[in-house]
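Bear in mind these aren't lab numbers, they're just calculated from the coordinates by the rules spelled out. These figures come from a predicted structure and were not determined experimentally. Cβ sites come from the backbone with ideal geometry, for glycine too, and all protein chains shown count toward neighbours.
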Amino acid sequence: MKGAGWWIVAAMVAGGAGVAAADTFGGFAGNEKTYVLGREKVCEPLKVAAGAAKGVPACKVAGTDVMATLSLKSPPPERGSEAQVKATAKGQTITVVGRSGEAIVTWQSFDPVASVVDVWRSQYGRIVAVEYTVRRAGREVHEVVGFDLGVGGGGGGKAGQSDTGGGTTAGTGTGTGTGTGKEIDPVVKKAIDKARKAKGKAAVAAWAKVLELDPESSEARYRRAAAFAGMKKHADAVAALQNLAQSKRADAIEWLVEARFDKSFVKLVGDAGFRDAVGYDRPAGSAYERLMGLGGQWEQSLTPCDRPEMKLVFKRDRTFRLGFRSTCEGMRESFTMKGTWSMTDVAVELLLKKPGGGHDRAPCLLGTDGDEDTLTCHLDADLSFEARPVRR
């Protein structure tokens, strides 16, 4: 039998009424790029764009050698009040929602969905897998579909943009965001552009004007502090930074970390008020501080013929530079890659430029080794590394 009728034959061969045999969910790959069905089928999750996914996952049978490299993680299904994600079905549509009920992805099955059985979420939230049932030839058949939400469940949004696609946010390189994920008011943007060109007393006044328009502007508070420091009004500079430290804006911490390395504040490094405001002497309170708090530089040291030297430098404008160097018995290799990055509470995603055009995505997972942070990156199947922060 040809075409769609093949599954009817399969059901008849199975014999009798009841539930037809199907692949079961087998876990997520450690790099969160694929998931496994049964014991030997590796599947690529469907990419999510603008809150929707289309098509069916591409799956292939893999040998034991390939399966051994996946570092499979098998989390329990998401159930009860602690579930981070849930799924519902209506007709042919499956909808996955987050903890607060916001829709993360919708997807159309080829068949009417009878029920959702279970939902699994990968360790760092990149992939969600849904087991559901459909009726075929009088039988209940179990299927599994996986969705690649991107790092942080952002649905593959561009690096440096809010997960909801709500426009430019502060810390994306423009410095004109509000930290709320909303588009900046054109009047505020005009005032910011004007303030950036001012110096000395004029800068203090210009940034005060920005604060009149947007009282919570993190950049304005930071720039006023820098202007005060340049005028040797150290007490005013520290007060402005302490005011910034009280902000509820999401990007406030980015500017406070920036202050740790800004030459404008070099004479304040020994000031207790300055150190308290920028968080010099306390443990990192967020993933951003873990990543950038010591200067945004991470390194894996070189071991000849064993592991390459990897130098990864992150910048607040969401760009990075990655340097590779290896040596073995007189042979040397080195190269540099550049791209952009985005992050969640525990992971960073690198968007790497390909030599011939286009991009590759590579996940980096934040971890710990004793009292030191680590960053484990998987560039491809043959190259991964574990970097440690370098004090700048």
Expressed in nanometres to one decimal, the distance between label points 7 Å along Cα→Cβ at LYS54 and SER74 is 3.6 nm
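For region 186-282, report the % of Cα-Cα distances exceeding 24 Å.
Of the Cα pairs, 14 percent sit more than 24 Å apart.
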Expressed as a whole-number percentage, the relative contact order of region 193-346 with C-alpha contacts under 8 angstrom and at least six residues apart is 13 percent
Straight-line reach check, LYS354, cutoff 18 Å on alpha carbons, 8 or more apart in-chain or any other chain, hits among lysines -> LYS158, LYS338
Computed Rg/Rh for region 292-390 (Cα atoms; Rh = Kirkwood radius) stands at 0.96
Quick calc, region 292-390, dipole around Cα centre from Cβ unit charges on Lys, Arg (+) and Asp, Glu (-), nearest 20 debye, gives 640 debye
Excluding residues fewer than 8 positions from LYS263 in its own chain, the aspartates and glutamates with Cα under 20 Å of it are GLU219, ASP236, GLU254, ASP271, ASP276, ASP281, GLU289, ASP317
With R₀ set to 56 angstrom, the calculated FRET efficiency between the beta-carbons of ASP281 and ALA114, to the nearest 0.05, is 0.45
Extension length gain for ASP360 and LYS41 (0.36 nm per residue less Cα distance), in nm, is 112.5 nm
Once both label points are put 7 Å beyond Cα along the C-beta direction, the PHE261-GLU386 separation in nm becomes 2.4 nm
A chain fully extended from SER301 to ARG135 at 0.36 nm per residue, minus the present Cα-Cα distance, gains in nm 54.2 nm
With 0.36 nm assigned to each residue of separation and the Cα-Cα distance removed, ALA103 to ALA202 gains 31.0 nm
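For region 69-144, state which trypsin sites (Lys or Arg not before Pro) are in a DSSP loop and have at most 16 other beta carbons lying within 10 Å of their beta carbon.
ARG79, ARG99
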